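Visitor: Just passing along the structure, written as structure tokens.
Read the figures in this text as sums done on the coordinates, not as results from a lab. Keep in mind the model is a prediction, meaning the values are calculated, not measured. Cβ placement follows ideal geometry from the backbone for every residue including glycine, while neighbour counts extend to all protein chains displayed.
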Amino acid sequence: MVRPTFAHIDLDAVRANFRAVVAHVAGGVRSPDVIAVVKANGYGHGAVEVARALEGAGARMLACADIEEGVELRRSGIEAPILVFGALSVSDLDGVFAYRLTPTISSPFAARALKDAARRRGTRLVCHLKIDTGMNRLGFRYDNLSQTVPEVLAGPGLEIDAVYTHFATAEDRLHPLFDIQRTRFDEALRRLAALGLRPRLRHAANSAALLRDRACWYEAVRPGLLLYGVIGAVPYLGSPLVTPYPVAFFLWIVWVVGLIVAIRRLVHWPWAASITAGAALLFWVLFVQAGSLIFGWTA
Ligand SMILES: Cc1ncc(COP(=O)(O)O)c(C=O)c1O
């Protein structure tokens, strides 16, 4: 007998997480768009329900893994543009056209297939171009774009609306590859500009990257885990995404006062309170400093 098992998904929490990310990246001259990742059945939460909730919360683009996932979202009534991350099954591209999906072009072969399919249908396909800067999974290698990309850009059929890359190690604060990938992506964008490609959007940041470094926000960010409440690195009480500053400060005061009372009860020593307060302040400063050094916590 199969035991009845339930997973209760709080769609209000998903919406709140999306809005928190939007608020986190807001400000500046132009706030980046938030491309909400609902791949792998919405990280197991139910792609259709999650996508509806996110669209309702204002998501202007969703992203899924393959054409089949995109088709399912469209059939369920999702109207927002849907970016397909994965490699395309080039023998069966109908879904891209029939369901208005935005494919990723990650190889010259895929570009050729999409261009031919678009030409046959007498249409122009909006797509995103992926650059492999070190993930070694999908995309045009960052260092030989002048050999591979001219063919993609030649002729009608494809409109490259965005260029993106994916970080392999953003959640690992001590790994050097993150900065290397960012430098390579900027280099790649310069090379593409020299080839005449200036995309409307550039995007790179998954959840860990967008928390880590605002330099990689560009014109759009692509959180997945954050939408489902996974923060990854040790949550930092001072980070506005985790705890708003006034709340963090209040918690700290409560903690210090509690400590002073406890120590004064245990130790009948007149200097106990001020030493405790000093130690608590020192701990707080070290905590914040160490946090930003080791984990790159942003305040
Ligand atoms: C290309 C791409 N961008 C963004 C994401 C979202 O990543 P995360 O869940 O770490 O935010 C994924 C997820 O695997 C991805 O494949």
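Visitor: Would you please give the FRET efficiency between ARG173 and GLU49, computed as 1/(1 + (r/R0)^6) with r the Cβ-Cβ distance and R0 = 35 Å, to the nearest 0.05?
Guide: It comes out at approximately 0.55.
Visitor: Between ARG264 and THR183, how high is the FRET efficiency from 1/(1 + (r/R0)^6) when r is the Cβ-Cβ distance and R₀ = 45 Å? Nearest 0.05.
Guide: With R0 = 45 Å, the Cβ-Cβ based efficiency is 0.25.
Visitor: Of PHE140, PHE85, PHE283, which is the most mobile in a GNM of the chain whose springs link Cα atoms less than 10 angstrom apart?
Guide: With Cα springs under 10 Å in the chain, the top fluctuation among PHE140, PHE85, PHE283 is at PHE283.
Visitor: Assigning unit charges at the beta carbon (Lys, Arg +1; Asp, Glu -1) and nothing else, what dipole magnitude in debye, to the nearest 20, does the stretch 140-211 show about its Cα centre?
Guide: In total the dipole reaches around 160 debye.
Visitor: While we're on this one: Compare ARG60, ARG265, ARG112 in a GNM of the chain, Cα atoms joined below 10 Å, and give the one with the largest fluctuation.
Guide: Evaluated over the chain, the most mobile residue of the options is ARG265.
Visitor: Near the amide H of ASP33, under 5 Å away, which other amide H atoms are found, from residues 5 or more places off or on another chain, if H is placed in the peptide plane?
Guide: It is ALA220, VAL221, by chain and number.
Visitor: So what J values fall out for the stretch 208-220 if you push phi through Karplus, 6.51 cos²θ - 1.76 cosθ + 1.60 with θ = phi - 60°, rounded to Hz, Gly and Pro as x?
Guide: Whole-Hz 3J(HN,Hα) from phi for the stretch 208-220: 4, 5, 6, 6, 8, 8, 5, 5, 9, 6, 6, 9, 7.
Visitor: Here's something else I'd like to know. If a/c stays under 1.5 just call it rounded; otherwise compare a/b with b/c (prolate if a/b is bigger, oblate if not). Do that for the stretch 1-59, with a ≥ b ≥ c from the square roots of the Cα gyration tensor eigenvalues.
Guide: Because a/c hits 1.5 or more and a/b exceeds b/c, the stretch 1-59 counts as prolate.
Visitor: Taking θ as phi - 60°, what are the ³J(HN,Hα) couplings along the stretch 33-40 by the Karplus curve (6.51, -1.76, 1.60), each to the nearest whole Hz, with x for Gly and Pro?
Guide: Residue by residue, the stretch 33-40 yields 5, 10, 8, 8, 8, 10, 5, 6 Hz.
Visitor: So what is the relative contact order of the chain, in percent, for Cα pairs below 8 Å that sit 6 or more residues apart?
Guide: Once normalised by length, the contact order is 15 percent.
Visitor: Further question on the same structure: Over every pair of different alpha-carbon atoms in the stretch 11-228, take the mean of 1/r and invert it; report that Kirkwood radius in Å.
Guide: 17.6 Å
Visitor: Name the most mobile residue of PRO81, PRO223, PRO103, meaning the one with the largest mean-square fluctuation, in a Gaussian network model of the chain with Cα contacts below 10 Å.
Guide: The residue that fluctuates most here is PRO81.
Visitor: Further question: What 222 nm value per residue comes from the helices of the chain, counting each DSSP H run with n ≥ 4 as -39,500 (n - 2.57) and dividing by all residues, nearest 500 deg cm²/dmol?
Guide: After summing the helix terms and dividing by the residues of the chain, the value is -14000 deg cm²/dmol.
Visitor: For ASP10 and ASN41, compute 0.36 nm times the residue count separating them, minus their Cα-Cα distance, and round to one decimal in nm.
Guide: Here the segment from ASP10 to ASN41 would lengthen by 9.6 nm.
Visitor: So if I place +1 on the C-beta of Lys and Arg and -1 on the C-beta of Asp and Glu, and nothing else carries charge, what would the dipole magnitude of the stretch 71-158 be about its Cα centre? I want it in debye, nearest 20.
Guide: Dipole of the stretch 71-158, to the nearest 20 debye: 220 debye.
Visitor: With Cβ to Cβ distances under 14 Å as the rule, what net charge do the other residues near GLY157 carry (K, R +1; D, E -1)?
Guide: Local charge sum for GLY157: +2.
Visitor: Per residue of the stretch 72-80, what does 6.51 cos²θ - 1.76 cosθ + 1.60 with θ = phi - 60° give for ³J(HN,Hα)? Whole Hz please, x for Gly and Pro, Karplus curve as stated.
Guide: 4, 5, 4, 4, 8, x, 5, 9, 4
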